[in-house]
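Read through the structure below, which is laid out as structure tokens, and then see the notes.
The values are calculated or read from the model by the stated rules, or taken from the named source; none is laboratory data. Please read all numbers here as calculations on a predicted model, not as lab measurements. Glycine gets a Cβ as well: all are built from the backbone with ideal geometry, and neighbour counts include every protein chain shown. Calculation scope for accessible area: heavy atoms of the full protein, side chains included, ligands and nucleic acids excluded. Shrake-Rupley method; radii C 1.70, N 1.55, O 1.52, S 1.80 Å.
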Amino acid sequence: MTETIQNRIRRLKTEKNAIILAHNYELPEIQDIADVVGDSLELAIKAKEATEEIIVFCGVEFMAETAKILNPEKKVILPVKGAGCPLADQLTPEMLLEAKQEYPGAEVVVYVNSTAECKAVADLVCTSANAANAVRSCRSKTVIFGPDSNLADYVQGEVPEKIIIPVPKTGHCYVHAVFTEDDVREAKKNGRITICHPECPKNIRDHADIIASTGGMVREAVKGDRWTIFTEKEMAYRLKTLYPDKEFSVNENAICRDMKLTTLKKLEEALISGEYNVTLPDDIIQKASGAIERMIAIKG
Ligand code: 13P
Ligand code: SF4
């Protein structure tokens, strides 16, 4: 009898002493085979704690880079080279350095959805789960924040005592731009609880019942039975797996194309070849690690 691809992956994983981490937006079959499925913060913490020799990160590049910075001595594999995040690409270190000149003394908080080079010039990194607490922890009143301007605006509402400067002014994720206010109103009219990611534009955040990271959505979902979720579509699969008796509806057009690049075949190939092995210059690892360690220490 031929061995299934799932069994081949499990066998390879044991032979190579690897752990498979997967983000909540990964394809269902990838979520099913992963050792841990979670949000950016949960996965970064797991990567830091990993005792296996190899971390296979089913997600996008900034997540695998963060795992590498936390664990420079380990091999971190991203199964598809070039699986990126168009939001992360909207910020450069030069933009942050320019903002620092314009606002002397302002601390720089960068969202984990950013390049390692940007993290290297940041004082602090945050995820959507702990962004408000990260900004609260800054010593300066003015805080430079990039690249997601929607998350920056959400945090500004949560932390009114700070002045947040978004860099760039209109940085955003295309996946979270597909929703309309009418979608939220309609869902509520139908008796559903609405929950949105803080990367959603203000008009969606203003109408949703709850705003939460993808890990936050997992925790909030215990509180109700019929949900409409405003984030990437695979989040509905994740929630349905955890809560089979509850209802989760989602906009099927909210698709993160890069998260869909990792297939079982790509995962198997990566375990066989050991590629794509994430590498970063030593000075970038050194400069970024303090800001990422601070992120891990800040509660959601
Ligand atoms: P979470 O950290 O909430 O999982 O978000 C990651 C992300 O890329 C959202 O688009
Ligand atoms: Fe980046 Fe948006 Fe995809 Fe999240 S959903 S990884 S922010 S492109």
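A few remarks follow.
- Residues satisfying the stated conditions in the range 259-279, i.e. open to solvent by less than 30 Å² (accessible area, probe 1.4 Å) and either over 20 Å from Gly59 (Cα atoms) or not charged (D, E, K, R) (or both): Met259, Thr262, Leu264, Leu267, Ala270, Leu271, Gly274, Val278
- Per the conditions (1) touching a residue at least 40 places away in the same chain (Cβ under 8 Å); (2) open to solvent by less than 50 Å² (accessible area, probe 1.4 Å); (3) over 20 Å from Glu293 (Cβ atoms), the sole criterion not satisfied by Ala120 is (3).
- In the range 198-251, the residue that is surrounded by the most Cβ atoms within 10 Å (Cβ to Cβ) out of those that are among the small types (Gly, Ala, Ser) and within 18 Å of the chain's Cα centre (by Cα) is Ser213.
- Of all the numbered requirements in (1) within 16 Å of ligand 1 (Cβ to nearest atom); (2) at pLDDT below 95; (3) not acidic (Asp, Glu), Cys85 misses one, and that requirement is (2).
- Looking only at the range 1-14, and only at residues there that are among the hydroxyl-bearing types (Ser, Thr, Tyr) and at pLDDT 95 or above, the one that is farthest from the chain's Cα centre (by Cα): Thr4
- Within the range 111-135, if we keep just the residues that are within 16 Å of ligand 2 (Cβ to nearest atom), of a type in the set (A, V, I, L, M, F, W, C) and not in a helix (DSSP H, G or I), the residue that is farthest from Glu61 (Cα to Cα) turns out to be Ala129.
Residue by residue, here is whether (1) buried (at least 21 other Cβ atoms within 10 Å of the Cβ); (2) under 20 Å from Ala177 (Cα atoms) holds:
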residue	(1), (2)
Thr115	yes, no
Leu124	yes, no
Ala129	yes, yes
Cys138	no, no
Ile144	yes, no
Ala152	yes, yes
Val155	yes, yes
Pro160	no, no
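- Qualifying residue in the range 178-186 (condition: within 20 Å of the chain's Cα centre (by Cα) and over 21 Å from His23 (Cβ atoms)): no
- Candidate set: the range 39-60, residues that are away from ligand 2 (no atom under 16 Å from the Cβ) and not in a loop (DSSP other than H, G, I, E, B); chosen: the one surrounded by the most Cβ atoms within 10 Å (Cβ to Cβ): Val56
This table checks each residue for (1) modelled with pLDDT under 95; (2) in contact with a Pro (Cβ under 7 Å, 6 or more places away or on another chain); (3) open to solvent by less than 60 Å² (accessible area, probe 1.4 Å); (4) among the acidic types (Asp, Glu).
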position: Lys16; (1), (2), (3), (4): no, no, no, no
position: Ile20; (1), (2), (3), (4): no, no, yes, no
position: Asp32; (1), (2), (3), (4): no, no, no, yes
position: Val37; (1), (2), (3), (4): no, no, yes, no
position: Glu65; (1), (2), (3), (4): no, no, yes, yes
position: Lys74; (1), (2), (3), (4): no, no, yes, no
position: Val80; (1), (2), (3), (4): no, no, yes, no
position: Asp89; (1), (2), (3), (4): no, no, no, yes
position: Leu96; (1), (2), (3), (4): no, no, yes, no
